[in-house]
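Read the structure below first, then the notes.
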Amino acid sequence: MPTMPSFEKMTRRSLLQRLGAGLGSVGLAGLLSEQKLLAETAPAGRAISPLAPKAPHFTPRAKHIIHLFMNGGPSQVDTFDPKPALSRYHGQRPPNSNLRTERGTSGLMKSPFRFRQHGQSGLEISEIFPRLAEHADKLCVLRSMVTNIPNHEPSLLMMTCGDTQPVRPSMGSWLLYGLGTENQNLPGFVVMCPGFPVVGPQLWSNSFLPGIFQGAHINNSNLDPRRVLQNLNNSFLGRNSQREQLDLMRRLNEIHLQQRGGSDNPLEARIQSMEMAFRMQFEAQEVFDLAGETQNTREMYGRSPFADACLVARRLVERGVRVVQVYTGGGQPWDDHGDIENHRNNARTVDQPVAALLTDLQRSGLLEDTLVLWGGEFGRTPTSEGAKGRDHNNHGFSVWLAGGGVKGGMAYGATDEFGFAAAENKMHVHDLHATLLHLMGINHERLTYRYSGRDFRLTDVSGNVNHAIIS
Amino acid sequence: MQRTAPIQGFWKLCAVLAVGWGWLNASGPTPASSQNDAAGIEFFEKNIRPVLVENCYKCHSNATKKHKGNLLLDSQAGMRKGGDGGAAVVPGQPDKSLLLRALRYGEDLRMPPAGKLSAKIIADFEKWIAQGAQDPREGDAVVTQEVDWNKARRFWSFQQPVKPELPIVQNVSWSKTPIDTFILAKMEEEKLQPVRSAGKRELIRRATFDLTGLPPTPEEVDAFLKDQSSDAFAKVIDRLLASPHYGERWGRYWLDVARYAEDQAHTFDVKLNTSAWRYRDWVINALNADMPFDRFVKLQLAADLIVKDDPERIKHLPALGFIGLGAQYYKNSDAAKAAADELDDRVDTVTRGFLGLTVSCARCHDHKFDPIPQQDYYSLAGVFGSCKLTNLPLAPVEQQNRFKEVQDKIKKLEGEVKNILRDERVQLGAQGDQVAQYLLAAWKFQVHKQQEPQAAVNDFAKANKLDAEILKRSLKFVQNPGPNLELFKKPSAPEIEVQALAEKLQQQFQGMPPLDGKALEKDKEALVQKLFLAEKAVFFVPDAQVRAKLIGEKKQRVEQLTEEAERLQKSDAAKPLPVAHALTEASPANMKVFLRGNPAKQGEEAPRRFLRILCCDTPPTFKQGSGRLELAEAIASRDNPLTARILVNRVWQNHFGRGLVGTPSNFGQLGDRPTHPELLDYLACQFMESGWSLKKLHREIMLSAVYHLSSEPAEQNFARDGDNRWLWHMNRRRLDIEAWRDAMLTVSGKLDRALGGPTLDLSASSNVRRTVYAKISRHDLNYLLRLFDFPDANITSERRNETTVPQQQLFVINSPFVIEQAKAFAARVQKETTDETARVQRAYQLAYGRAASPEELSLAMNFLSGRDDALEQSRNRLTRWERLAQIVLGSNEFLYID
């Protein structure tokens, strides 16, 4: 029976061997101090949960990440990277435009949307985000993002897992592995998407990390608290009757344990885990039950699957969940090859809920240690595909950050005159990951996992922390 | 800006630099390297060296043992040679010195990473380089060293295993077999005492789960208890090894290594491997037949080259699924990289799976820890690069021929029908004036588009009340109309002429005399095809509409032919042939080393041959086709020091919970060292001598005293060896998801023991087959499997993780599956006996293979006679017995095996 490695089963020595090299102080300091494992062996009843909170490498600026994933790839020149030159040269081929994208494109195409300056910072934002624009001074727009390949699948994987093939753990899984999560009655990494985005579950995969670090996918097309997580709802017994049943199970498990010397980490861990499952039924249902929110709050977010997900995201981080990822929708909603005018509809889907989320996080003080990331897997061409659409573009695109330790009201980096390719202060997705991890208190070069003969990390052999955007 | 190869950031940088500067390395001795004038040295010492020490040595020096990008900046030689990107410093040429480019924070190269240095410092470096880069520092520039093969081969796992002498032990009476002697010797060395032997109940439960993944029946337990003969346990082992459930259990272990799955992780352009289960069944059958392991290896790599004659050939072709079910990535905008990634999947799975070597680490550079040069990686990758994944028909050649014959016949019949329909189709397509109308409209749209570049076909069609699809196809046609029709292409042509041409065409086709299936002359035929007949012809009319127009003889003939085609289609010979997802030979070719793993930048050729460390300094190149068979033979060879060791270690791991080597797919420098090297070698030698028989290996291991040890703790031992590395007791092991789920089905009486066949969705409530037959997906792994530590099938897995989280217990307490089993289990015991006490005892016997203790019995009886909470009575949907059955199935005792 293949049973190793069991986190519970290890003695301190093997724990040091297994995790010490890999996790550095993240895993160690956390595991050892939180779990009082500095004694030679774990005291009875203190079995280690691999999801227990662990100390970061250094003081973090953020404790939670909410990743608002604009899957499909929003166009930078129609959202956060205004390019007046597109109007002047409308219809002409850009000079030196031998940049390859997925399909052929023709001349430059001006944005159908107007940009205006907002806030004290004067950050320019497209008219399709009227509500979000009110938060201009909180946003740190990264205008010089680049990724490797102008196709959805590899770029979705790069953005979520740091590699273009489906063979690496997702960032959320890495964060759970490195930091654990603060609420043991809830999953530590929650993904909300009505149905699946392109690629699908690999985008929140644990890959070679243990399975518990995988993101818990929730279909938010119609949030039913009893059904959001598999087997969460007990539909067979009343609460007291189930408690009575579990009391007997516990009693029998304790007899079993006593007969085996009275101290055994895996057996004890499972007894505890059964109790946690009992509590989780109620706590997890509660967090997904939006009925408890005020009418005002509900109206502020609006009523839609995406709005619900944003509100749930706030409720989750409030309760200590480490990572939340919300997709605009199933498939690839932002993939407007045919008509970029459709960005207006996509923006309408996200504008109000995202603005409400920022307001809400700010109001409750959560924004200080919650990092919000908004963006797609790549951007779109400033040139037209067909008559009105735009093709994929990996050479330059925009994402923005807000909250948890980043400067607000700023634009970092720049694309060329037409918004085709990043020109100043290029920032690769690896750099974004390194920076996000840094803000979470992790040195991306030290968060490693020994697998297949080498130490893997989210940023592979790349990634520079962008200190310029950190407040 | 040049499009740079979309490769990972780090080597993108290297690649860019290498393209620009790589030639410098080859350009001979660098100038001005030895003119050390005093002023230059002084300038260096004052302005350059301190900066290097402070800002660069941390990552680029011998002293810190770091050489990122293979660049050393702590010696003159290192600076001049440079790293992956080329020379860091070219004396006299600041602009060609990468170091300066990095300091200036150029587009693609920025150092030091912490921030740009001051303008003054950068100016100093520029001046220093311009003046000849005086540098007194000595030292070695070489980062990567040639492998010292003789030394490398002295590493433990590269030495041939030799059957060792048995060690001397004190406690001779404890030791039953040679295995015990090796284990005991270590225990005595470590001052540990073996605990007592397990009781017979524990033993048969352990052995039955170990070999079949199922619990023993109460009857089997009783029979064993009653059997007082000295070989009672040997008989149990033989019985279990002979069970077809043995292959289901141990086959699954191999499927973990083989990263077996039926699909791909991504979704674009994916062909599902719907016959993947044939590989799974082949593995199970091979193990049940105790196929010698060397043959097991060889068939998985080269069955098509080894077994040539039916029916054996058909039986063994599915073995090729080992590679044939491998990753097939989306061939996106960087197809070369995706293809290289696929080869990496093959190399990685083969080398870690069979050899316990992480050859994949040598994809971008020489292996940093093991003696595997980058060239060796490409020697193996080249073998798989010379093959292609394909579906091979699993049928005798005659049947394949018959299939082809009948398909040809059907095609011919359909062709004839098409010919009869063609005249009718042209007439229908050219009816009215639609040819003239659309071709003219398409031309007009071109004219319109010249004034309005953004004009859309759809809008134009709408405005002119035309069908947008036909207009789009017409547009395509007028853009490339063929000979004598060039006028359509010219928006500048007079409209009246274009109109005349369009009308001429119209008339020509409307009046075309019937051809009765004959083709026209070349140009005209092409035109008819383009306009009417081809699948995407401009005015294509679907079959049904054309047929409806037929009358008389033609109608009869078409009906007759169609009927005949349909009859053939339904015949046995036309039935799709079963296939194996396999690989076959493509054109054999050596690969070149991809520098930094970048397919766009290739270096020396890598002859297809075996790994040097496992052969010799210059292994013979593979001569037969891709070299697959020769590779297979090199792996499954008695001369290979790894293959047998790797396998016996995997088997040991699955019997004891931990291998003698704790890293079963890595026997290299970074892998664990064996706890019992002599025992490992003994087992490996014994295994090969026994004809690579797995069943003999199981038997030998399971008959040892160490396998019989109880799992009980012993305080003194625990203090010395809490990890139980020296095996003073048996590790208590948690059942994996397969065994746990199957055990529940067994106890509830619902298990369907049918063997083999297509897969079933695990979440289907009707699925009561063994878990090994469940659908395994790389894209969306079944929730239950993932939750209980089933490995990600995108990559080879050496062992299961073991985690305990509340979501797992939610499955125990709330899932329809467990509830279903609890109900069936309760019904079963209630049906089998009437007395309540006897029922509880029966439940314990079925689930745990033992009687309930008086305490357990009284707890159960109390529970059964309890009264429900008054408020909940009406909503509770489980009987007391069903609740108790759920407890029994959900308990620790059911999940953990002593």
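For chain B, what is the mean residue ellipticity at 222 nm derived from helices alone (per DSSP H run of n ≥ 4: -39500 (n - 2.57); sum divided by total residues; nearest 500 deg cm²/dmol)?
On the way: 40 runs with 431 residues, N = 898.
After summing the helix terms and dividing by residue count, I get -14500 deg cm²/dmol.
Once you have a ≥ b ≥ c as the square roots of the Cα gyration tensor eigenvalues for the range B:739-817, tell me rounded if a/c is under 1.5, and otherwise prolate or oblate according to whether a/b is larger than b/c. If you can, show how the numbers build up before the last one.
Working: a/c = 1.71, a/b = 1.14, b/c = 1.51.
Cα axes put the range B:739-817 in the oblate bin.
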What nm distance separates the two modelled labels at B:Phe369 and B:Gln228, each placed 7 Å from Cα along Cα→Cβ?
-> 5.5 nm
Please state the Cα pair-distance histogram of the range A:202-246 with 10 angstrom bins from zero: what percent is in each bin?
-> 23, 31, 31, 15, 0
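Give, in nm to one decimal, the length gained when the segment between B:Ser858 and B:Thr837 is fully stretched (0.36 nm per residue of separation minus the Cα-Cα distance). Can you show the working numbers first?
Values: separation 21, 0.36 × 21 = 7.56 nm, distance 0.91 nm.
That works out to 6.7 nm of additional length.
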Rounded to the nearest 10, the angle in degrees between the Cα long axis of helix A:152-161 and the longest principal axis of the Cα atoms of chain A comes to 50 degrees
Centre separation in Å (Cα based) which lies between the range B:542-577 and the range A:337-386 = 56 Å
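Give me D for the range A:130-194 in µm² s⁻¹, whole number, from Stokes-Einstein with Rh from the Kirkwood sum over alpha-carbon pairs, 10 °C and 1.306 mPa s. Don't skip to the end; give the middle numbers.
On the way: Rh = 14.7 Å.
Answer, rounded: 108 µm²/s.
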Exposed-loop-free span, longest in chain B, where GluC sites (Glu not before Pro) count as exposed if DSSP calls them loop and at most 10 other C-beta atoms lie within 10 Å | B:536-898
Using only the Cα atoms of the range A:92-250, construct the convex hull and provide its projected area averaged over every direction, in square nanometres to one decimal.
-> 15.4 nm²
Treat the range A:58-165 as a sphere of radius equal to its Kirkwood radius over Cα pairs and apply Stokes-Einstein at 25 °C in a medium of 0.890 mPa s; give the translational diffusion coefficient in µm²/s, rounded to a whole number.
-> 149 µm²/s
Of B:Leu72, B:Leu241, B:Ile551, farthest towards positive along the dipole that unit charges on Lys, Arg, Asp, Glu beta carbons give chain B = B:Ile551
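For every helix of n ≥ 4 consecutive DSSP H residues, a contribution of -39,500 (n - 2.57) applies; sum these over chain A, divide by its total residues, and give [θ] at 222 nm rounded to the nearest 500 deg cm²/dmol.
Values: 12 runs with 133 residues, N = 471.
Estimated from H runs of four or more residues: -8500 deg cm²/dmol.
Note down, for the range B:494-551, the three equivalent ellipsoid semi-axes (square root of 5 times each alpha carbon gyration tensor eigenvalue), biggest first, whole angstrom. Write out the running numbers ahead of the final one.
On the way: eigenvalues 107, 40, 31 Å².
Over the Cα atoms of the range B:494-551, the ellipsoid semi-axes are 23, 14, 12 Å.
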Helix A:343-363: angle to the longest alpha-carbon principal axis of chain A, degrees 0 to 90, nearest 10?
-> 50 degrees
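Counting other C-beta atoms within 10 Å, which of A:Leu311, A:Leu447 has the fewest, and how do the rest follow? Please list the in-between numbers first.
Numbers: A:Leu311 23, A:Leu447 26.
Final ranking by Cβ density, sparse to dense: A:Leu311, A:Leu447.
What Kirkwood hydrodynamic radius, in Å, does the range B:804-894 give when the mean of 1/r is taken over all pairs of distinct Cα atoms and then inverted? Display every interim value, and only then the final one.
Values: mean 1/r = 0.0726 Å⁻¹.
So the Kirkwood estimate lands at 13.8 Å.
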Loop-located trypsin sites (Lys or Arg not before Pro) in the range B:618-719, at most 12 other Cβ atoms within 10 Å (DSSP) | B:Lys623
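As a quick test, which of the pairs A:Lys426/B:Lys592; B:Lys298/B:Lys695; B:Lys298/B:Lys623; B:Lys418/B:Lys536; B:Lys411/B:Lys536 have an alpha carbon distance above 27 angstrom in this structure? Working shown, then result.
Working: A:Lys426/B:Lys592 32 Å; B:Lys298/B:Lys695 19 Å; B:Lys298/B:Lys623 17 Å; B:Lys418/B:Lys536 15 Å; B:Lys411/B:Lys536 20 Å.
A:Lys426/B:Lys592, as the Cα separations exceed 27 Å there.
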Using Cα pairs under 8 angstrom and six or more residues apart, how large is the relative contact order of chain B, in percent?
-> 17 percent
Have a look at the protein assembly as shown and give its Rg and Dmax from the Cα atoms, expressed in angstrom.
-> 35.1, 112
Proximal lysines to B:Lys151, defined as alpha-carbon separation beneath 16 angstrom and excluding residues fewer than eight positions away on the same chain = B:Lys368
State the answer as a single residue: which of A:Leu361, A:Gly419, A:Ala387 lies farthest towards the positive end of the charge dipole of the range A:322-464, with beta carbon charges of +1 for Lys and Arg and -1 for Asp and Glu, about the Cα centre.
-> A:Leu361
For A:Asn222 and B:Cys616, extending 7 Å from Cα along the Cα-Cβ vector and measuring point to point gives, in nm, a value of 7.2 nm
About its Cα centre, what dipole magnitude does chain A give when the only charges are +1 on Lys and Arg Cβ and -1 on Asp and Glu Cβ, stated in debye to the nearest 20?
-> 600 debye
Given the C-alpha centroids of the range A:68-143 and the range B:342-398, what is the distance between them in whole angstrom?
-> 45 Å
Cross-link partners among lysines for B:Lys775, C-alpha distance below 20 Å, same-chain residues fewer than 8 apart left out?
-> B:Lys271, B:Lys750
Full-stretch length increase - B:Lys418, B:Leu568 - with 0.36 nm per residue and alpha-carbon distance subtracted = 52.3 nm
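Just the Kirkwood number for the range B:742-787, please: inverse of mean 1/r across all distinct Cα pairs, in Å, one decimal.
11.2 Å
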Magnitude of the Cβ-charge dipole of the protein assembly as shown, K/R +1 and D/E -1, about the Cα centre, nearest 20 debye?
-> 320 debye
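Projected area of the range B:601-728, taken from the Cα convex hull and averaged over every viewing direction, in nm²? Present the calculation step by step, with values, prior to reporting the outcome.
Working: hull surface 44.6 nm².
For the range B:601-728, the mean projected area of the Cα convex hull comes to 11.2 nm².
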Along the dipole axis of chain A (charges at Cβ: +1 for Lys and Arg, -1 for Asp and Glu; origin at the Cα centre), the most positive-end residue among A:Val326, A:Leu51, A:Phe306 is A:Leu51
Run down the aspartates and glutamates and flag those whose C-alpha is under 19 Å from the C-alpha of B:Lys120, throwing out any fewer than 8 positions away in its chain.
-> B:Glu42, B:Glu45, B:Glu54, B:Asp95
Taking the Cβ of each residue in B:Asp868, B:Asp309 as the centre, tally the other Cβ atoms inside 10 Å and list the residues starting with the fewest.
-> B:Asp309, B:Asp868
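State the dimensionless ratio Rg/Rh of chain A (Rg: radius of gyration of Cα atoms; Rh: Kirkwood radius).
Value, to two decimals: 1.01.
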Shape call, chain B: gyration tensor on alpha carbons, a/c limit 1.5 = oblate
Post the alpha-carbon centroid distance, the range B:830-898 to the range B:402-451, in whole angstrom.
-> 73 Å
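Loop only per DSSP, at most 12 neighbouring Cβ atoms within 10 Å: give me the trypsin sites (Lys or Arg not before Pro) in the range B:168-273, ordered by residue number.
Numbers: sites: B:Lys176, B:Lys186, B:Lys191, B:Arg196, B:Lys200, B:Arg201, B:Arg205, B:Arg206, B:Lys226, B:Lys235, B:Arg239, B:Arg249, B:Arg252, B:Arg259, B:Lys271; in loops: B:Lys176, B:Lys191, B:Arg196, B:Arg259, B:Lys271.
Qualifying residues, ordered by number: B:Lys191, B:Arg196, B:Lys271.
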Among the listed pairs B:Lys409/B:Lys530; B:Lys331/B:Lys524; B:Lys462/B:Lys522, which are separated by more than 29 Å between their Cα atoms?
-> B:Lys331/B:Lys524; B:Lys462/B:Lys522
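What is the fewest-to-most order of A:Arg322, B:Arg786 by other Cβ atoms lying within 10 Å of their Cβ? Could you put the intermediate results ahead of the total?
Numbers: A:Arg322 26, B:Arg786 20.
Ranking A:Arg322, B:Arg786 by Cβ neighbours within 10 Å, fewest first, gives B:Arg786, A:Arg322.
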Compute the normalised compactness of the range B:358-449: alpha-carbon radius of gyration over 2.2 N^0.38 Å, N being the residue count.
-> 2.37
Treating the beta-carbon of each Lys and Arg as +1 and of each Asp and Glu as -1, no other charges, what is the dipole magnitude of the range B:222-337 about its Cα centre, to the nearest 20 debye?
-> 220 debye
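No lab work stands behind these numbers, since they all come straight from the coordinates. This structure is a prediction, so every number in the text was calculated from the model and none was measured. So basically every Cβ, Gly included, is an ideal-geometry build from the backbone, and we count neighbours across all protein chains shown.
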